[in-house]
Amino acid sequence: MTLDSIPNNVTARISSVDMRGAHGLRLMEMGLVPGAPVRIVKAAPLGDPIQICIHNYHLALRRTEASAIEVTINP
């Protein structure tokens, strides 16, 4: 399952970040690393970007970036 496909306010854990190069490195520098808890707070009116909460701060991501992040939903 990818980050862009989980519903709002459902907590998940990042499994992997599948972006290469500078974009992948930048996402990992912002805390999007395997094992980190993450949840979608809300989406913009037209659906892009989405607001996520990770490590107690909020971050806006494009859906294309979020689709490259594999997550597992917490029980």
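Applying the Karplus parametrisation 6.51 cos²θ - 1.76 cosθ + 1.60 with θ = phi - 60° to the phi angles of the range 15-31, what ³J(HN,Hα) value in whole Hz is obtained for each residue in order, glycine and proline being reported as x?
Running phi through 6.51 cos²θ - 1.76 cosθ + 1.60 with θ = phi - 60° gives 8, 7, 10, 9, 8, 9, x, 5, 5, x, 5, 5, 4, 5, 5, 7, x Hz.
Name the long-range amide H neighbours of residue 43: under 5 Å, sequence gap of 5 or more, or other chain; modelled H, no Pro or chain starts.
Close amide H contacts, sequence-distant or interchain: 51.
Once you charge only the Cβ atoms, +1 for Lys and Arg and -1 for Asp and Glu, what is the size of the charge dipole of the chain about its Cα centre, to the nearest 20 debye? Before the final figure, lay out each step's value.
Details: 7 positive and 6 negative charges, 22 e Å.
So the magnitude is around 100 debye.
Work out the charge dipole of the chain with +1 on the Cβ of Lys and Arg and -1 on the Cβ of Asp and Glu about the Cα centre, then indicate which of 66, 53, 16 is farthest towards its positive end.
Projecting each Cα onto the dipole axis, the largest value belongs to 53.
Can you list the HN-Hα couplings for the range 58-63, worked out from phi with the Karplus curve (6.51, -1.76, 1.60; θ = phi - 60°), rounded to whole Hz and with x for Gly and Pro?
9, 9, 9, 10, 6, 4
Just so you know, all these numbers are worked out from the coordinates, no wet-lab data involved. Quantities reported herein were computed from a predicted structural model and do not represent experimental measurements. Methodologically, a virtual Cβ is constructed for each residue, glycine included, from the backbone with ideal geometry; neighbour enumeration extends over all protein chains shown.
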